[in-house]
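Have a look at the structure below before the remarks.
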Amino acid sequence: MRLTEQAYLVLLALADEPRHGYGVVQEVRALSGGAVRLGAGTLYGILDRLVSAGYAEGSGEVVVDGRLRRYYRLTPTGHDALTAETARLAALARRADRLLGGVPRPGIA
């Protein structure tokens, strides 16, 4: 499964502990510096795909104030996918740094 930026951030949000939907939304916002804001439909679509791929799984349900909170956690396969995608992005960033370091910026003499 190819990870979109949003799916990558959702997996990253699950890396340190299981989280319920709203907790994932908050963590993704924090990880992205506020740049990525997931709506409920987008989040649960991503979670469904990650669960289907075996990257995440349900880890329990709790009723809070009469509302059901379903928790999700990273699986070992999800951890491996997250690690591989992080390495791929880091390598891409290193290549970009090398290229941009030797290229004059447009409009600057």
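Structure notes:
- Condition met for THR42 (touching a Phe, Trp or Tyr at 6+ places or on another chain (Cβ under 9 Å), surrounded by 14 or more Cβ atoms within 10 Å (Cβ to Cβ) and among the polar types (S, T, N, Q)): no
- Of the listed requirements (1) closer than 18 Å to ALA15 by Cα; (2) assigned to a loop (DSSP other than H, G, I, E, B), ARG37 misses just one: (1).
- For the condition outside any loop (DSSP other than H, G, I, E, B) and of a type outside the set (S, T, N, Q), ARG70 qualifies.
- Residues that are basic (Lys, Arg) and over 15 Å from TYR22 (Cα atoms) were ranked within the range 50-106; the one that is surrounded by the fewest Cβ atoms within 10 Å (Cβ to Cβ) is ARG105.
- From the options VAL28, VAL51, residue that is assigned to a helix (DSSP H, G or I), β-branched (Val, Ile, Thr) and over 10 Å from the mean Cα position of the chain (by Cα): VAL51
- Hey, TYR55 among the aromatic types (Phe, Trp, Tyr), touching a helix residue (DSSP H, G or I) at 6+ places or on another chain (Cβ under 7 Å) and closer than 22 Å to MET1 by Cβ or not: yes
- Residue check, ALA87 assigned to a helix (DSSP H, G or I), modelled with pLDDT of 85 or more and over 13 Å from the mean Cα position of the chain (by Cα): yes
The values are calculated or read from the model by the stated rules, or taken from the named source; none is laboratory data. Just so it is clear, the structure is predicted and the values come from calculations on it, not from any experiment. Because the Cβ atoms are built from the backbone with ideal geometry, glycine has one as well, and the counts that use them run over all protein chains shown.
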